[in-house]
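The values are calculated or read from the model by the stated rules, or taken from the named source; none is laboratory data. Here the structure is a predicted model, which means the values were calculated and not measured. Glycine also receives a Cβ, built like all others from the backbone with ideal geometry; neighbour counts cover every protein chain displayed.
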Amino acid sequence: MFIGHFAVGLGAKKVASQVNLGTLFFAAQFLDLLWPIFLILGIEHARIAPGNTAFTPFDFYDYPFSHSLLMSFGWAALFGGIYYYVKRNFRNSIIVSCAVFSHWLLDFISHKPDLPIAPGIHIVLGLGLWNSIIGTIFVEGSLFIGAVYIYFRTTKSIDRVGNYAFWGLIAMLLISYIANIISPPPPNIIAVAYAGLAQWLFIVWAYWIDRHRTWHD
């Protein structure tokens with residue numbers, strides 16, 4: 001998933017009004033922020049294999065440290081622990097932890113069986129939603145539309161920046177999503193990794209937006 005993960009961040013604002021949207025995006029995309037780094041460093045591996053699934057040509061055959069079930073629990077606990085250390089808010093630390101782990105759950109729905117249980121254990125999981133282009137777009141699009149509605153209704157802009165920047169972000173996420181669907185496969189997997197680092201832009205953008213919007217119950 002792509003916009004489905006950002007949907008978690010947007011929707012979580014309903015139950016975590018004090019947590020900046022940038023932090024919620026950071027949590028929901030944390031595993032996919034680790035993955036490009038591990039890929040570039042040679043710790044994990046993937047390849048471009050057109051036809052691997054109907055929706056994406058990527059074959060994620062080796063990513064136990066960023067995307068295994070066990071490590072996802074660990075990363076969620078670490079993220080939540082750091083948040084609690086900094087903010088001293090137990091409830092919100094649980095919410096951001098859940099946002100981190102939600103990434104694995106959504107990947108479990110979308111990926112073919114390629115998500116390992118733990119490093120060194122060759123048992124893989126995945127329901128394979130990506131085998132259906134229409135199904136993927138419907139599920140992910142529904143999540144995203146619902147989350148945009150939730151965020152928009154539970155926050156309000158305090159100035160023009162809060163309004164224009166928010167809708168600009170939504171437009172850019174949708175453009176990126178469509179481009180990923182219709183574009184030809186990239187030249188190599190390292191190019192994919194560096195492109196994945198561009199997700200930081202959306203996180204910084206979200207921090208900026210949330211400073212120009214306020215909670216609206």
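Pairs needed: first member in the stretch 95-106, at pLDDT 95 or above; second member anywhere, outside any helix (DSSP H, G or I) and among the polar types (S, T, N, Q); C-beta distance under 8 Å; at least 6 residues apart or different chains.
Going by the 8 Å Cβ cut-off, the qualifying pairs are His103/Gln29.
Could you tell me which residue of the stretch 88-108 is farthest from Leu24 (Cα to Cα), considering only residues that are aromatic (Phe, Trp, Tyr) and within 15 Å of the chain's Cα centre (by Cα)?
Here the answer is Phe108.
Pairs under 7 Å by beta carbon, first residue crowded, with 17+ Cβ neighbours inside 10 Å in the stretch 27-41, partner among the charged types (D, E, K, R) and part of a loop (DSSP other than H, G, I, E, B), six or more apart or different chains?
Pairs that qualify, where the first residue is crowded, with 17+ Cβ neighbours inside 10 Å and the partner is among the charged types (D, E, K, R) and part of a loop (DSSP other than H, G, I, E, B), are Trp35/Glu44; Phe38/Glu44.
Ala28 - would you say it is closer than 20 Å to Trp104 by Cβ and among the aliphatic types (A, V, I, L, M)?
Yes, satisfied.
Has the stretch 71-81 got at least one residue that is touching a Cys at 6+ places or on another chain (Cβ under 8 Å), part of a helix (DSSP H, G or I) and among the hydrophobic types (A, V, I, L, M, F, W, C)?
Yes, there is a match, as at least one residue in the stretch 71-81 is touching a Cys at 6+ places or on another chain (Cβ under 8 Å), part of a helix (DSSP H, G or I) and among the hydrophobic types (A, V, I, L, M, F, W, C).
Run down Ala147, Ala206, Ala171 and say which single residue is closer than 29 Å to Thr53 by Cβ and more than 15 Å from the chain's Cα centre (by Cα).
Ala171
Determine if the stretch 46-69 includes at least one residue that is touching a residue at least 24 places away in the same chain (Cβ under 8 Å) and acidic (Asp, Glu).
Within the stretch 46-69, one or more residues are touching a residue at least 24 places away in the same chain (Cβ under 8 Å) and acidic (Asp, Glu).
Can you pull out the strands (runs of 3 or more DSSP E) entirely within the stretch 108-193 that have at least 2 residues that are exposed (fewer than 13 other Cβ atoms within 10 Å of the Cβ) and in contact (Cβ under 8 Å) with a residue 24 or more places away in the chain?
Of the strands (runs of 3 or more DSSP E) lying wholly inside the stretch 108-193, none has at least 2 residues that are exposed (fewer than 13 other Cβ atoms within 10 Å of the Cβ) and in contact (Cβ under 8 Å) with a residue 24 or more places away in the chain.
What's the total number of residues in the stretch 10-46 that are touching a strand residue (DSSP E or B) at 6+ places or on another chain (Cβ under 7 Å) and not in a helix (DSSP H, G or I)?
Looking only at that region, the number is 5.
For the stretch 166-201, give me each residue that is among the hydrophobic types (A, V, I, L, M, F, W, C) and under 17 Å from Ile145 (Cα atoms).
Listed by number, the residues that qualify are Phe166, Trp167, Leu169, Ile170, Ala171, Met172, Leu173, Leu174, Ile175, Ile178.
How about the stretch 3-54: which of its residues are more than 11 Å from the chain's Cα centre (by Cα) and charged (D, E, K, R)?
Residues satisfying the conditions are Lys13, Lys14, Glu44, Arg47.
Read through the list (1) farther than 20 Å from Glu140 by Cα; (2) in contact (Cβ under 8 Å) with a residue 12 or more places away in the chain, then give the number of the only condition that Phe202 fails.
In the conditions (1) farther than 20 Å from Glu140 by Cα; (2) in contact (Cβ under 8 Å) with a residue 12 or more places away in the chain, Phe202 misses (1) alone.
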